[in-house]
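What follows is one structure encoded as structure tokens, with my remarks underneath.
The values are calculated or read from the model by the stated rules, or taken from the named source; none is laboratory data. The shown structure was predicted, so the numbers you read here are calculated from the model rather than taken from an experiment. Here the Cβ positions follow ideal geometry from the backbone for every residue, glycine too, while neighbour counts run over all protein chains shown.
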Amino acid sequence: MAINKVMVIGAGQMGAGIAQVFAQAGLSVILNDLDQQALDKGIDGIKKRLERAVEKDRISEPEKNKTLDLLSGTTDMNDASNCDLVVEAVVENMDIKTKVFKSLDEITPEHAILASNTSSLPITEIAAATDRPSQVIGMHFMNPVPVMKLVEIIRAIQTSDETYQAIEDLTKKINKSPVEVEDFPGFVSNRILMPMINEAIYTVHEGVASPEDVDTVMKLGMNHPMGPLTLADFIGLDTCLYIMEVLHEGFGDSKYRPCPLLRKYVKAGWLGKKSGRGFYSYE
Ligand code: NAD
């Protein structure tokens, strides 16, 4: 199936990056957000990243202009009416995501594939909220999207082989590396990563070491490029908490209980880099 026109829903840190990589691969992309300010910020971020890439000779000025020509923004989801694919990247919340998928099911043409960039929520449940479950799939990009090569492709129990193949082909076309994953809480990436981050937060919570020292141990001792608390701030502490809750509920195992300190930070609005404060300060 040919995928030429794409809508990305949610212009936050993931959605804007996803829109950028699609446009850079020559696809026509509409970026959508319900909040005009978030949409402007997302598009502005793409422009800045492309300008920086020109300055560093990674892309040419005409390439930058061609990418921007392929990109448009809207706050109206109805503009997805002639899209072949929609990738949803709104907040990690099942009620919000199923509402978005139900609307998209009504708006988009019959052939369109609906993908979610969810970090952990069951694609099977999202698919069941639509009348086209065989055309629903997980397309889990990594942060920052323009830099990271991996895309986990998650098959819902209902996903057809045709849908899977179209998304695997597209992932290769945008110069990313696909890995096929079954639909279980946290998939592969976050089932392994998030308990490590949660444990790092427990280590701070229990006074074992400061955030700086926890990060230093993991960087210098384990050769991680970034410490787990810096990474948590970068991902967003609200997103980390949602994912831990999904693992906790999905497996029913107390080893996944979210650290109380993580809950406290999220309640305080300390969401990491995007809010200016998390385990570190970004003012
Ligand atoms: P974010 O908070 O930066 O952005 C979410 C955006 O969605 C906001 O701009 C918000 O206004 C918009 N939005 C909310 N409801 C909407 C709706 N109904 N219609 C249109 N727009 C809506 O979040 P993010 O970090 O970009 O995460 C988005 C998704 O990507 C989540 O499911 C998250 O789990 C997943 N994800 C995040 C990361 C990460 O490192 N942050 C990595 C991989 C996947």
| said: So, in the stretch 1-45, exactly how many residues are assigned to a helix (DSSP H, G or I) and more than 24 Å from GLU92 (Cβ to Cβ)? | reply: 2
| message | Quick check on my filter: what residues within the stretch 91-115 are under 17 Å from GLY186 (Cα atoms) and assigned to a loop (DSSP other than H, G, I, E, B)? | response | VAL91, GLU92, ASN93
| query | Which of the following residues is assigned to a helix (DSSP H, G or I) and either within 16 Å of the ligand (Cβ to nearest atom) or among the aromatic types (Phe, Trp, Tyr) (or both): ALA53, ALA80? | reply | ALA80
| request: Answer with yes or no whether HIS248 is within 17 Å of GLU92 (Cα to Cα) and modelled with pLDDT of 95 or more. | output: yes
| Just one of ILE192, ILE243, ILE197 is surrounded by fewer than 19 Cβ atoms within 10 Å (Cβ to Cβ) and part of a helix (DSSP H, G or I); which is it? | ILE192
| task | Specify the residue that is nearest to the ligand (Cβ to nearest atom); the eligible residues are those in the stretch 131-143 that are in contact with a strand residue (DSSP E or B) (Cβ under 6 Å, 6 or more places away or on another chain) and not in a strand (DSSP E or B). | result | MET142
| request: Kindly check whether there is at least one residue in the stretch 156-171 that is outside any helix (DSSP H, G or I) and either in the same structural domain as LYS264 (by TED's automatic domain parsing) or among the basic types (Lys, Arg) (or both). | output: no
| query | What is the number of the single condition among (1) surrounded by fewer than 20 Cβ atoms within 10 Å (Cβ to Cβ); (2) within 11 Å of the ligand (Cβ to nearest atom); (3) over 19 Å from SER189 (Cβ atoms); (4) not acidic (Asp, Glu) that MET148 does not meet? | reply | (3)
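Let's see how each residue does on (1) touching a residue at least 60 places away in the same chain (Cβ under 8 Å); (2) near the ligand (Cβ under 8 Å from one of its atoms); (3) under 25 Å from LEU121 (Cβ atoms):
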| position | (1), (2), (3) |
| --- | --- |
| GLY15 | yes, yes, yes |
| ALA23 | no, no, no |
| ILE59 | no, no, no |
| LEU85 | yes, no, yes |
| GLU92 | yes, yes, yes |
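Yes or no, residue by residue, for (1) within 15 Å of the ligand (Cβ to nearest atom); (2) under 19 Å from ASN143 (Cβ atoms):
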| residue | (1), (2) |
| --- | --- |
| GLU162 | no, no |
| SER189 | yes, yes |
| ASP215 | no, yes |
| ASN223 | no, no |
| GLY236 | yes, yes |
| LEU241 | yes, yes |
| GLU249 | no, no |
| ASP253 | no, no |
| LYS264 | no, no |
| said: Let me confirm something: among ALA232, ALA209, which residue is assigned to a loop (DSSP other than H, G, I, E, B) and out of contact with any strand residue (DSSP E or B) (no Cβ under 6 Å at 6 or more places or on another chain)? | reply: ALA209
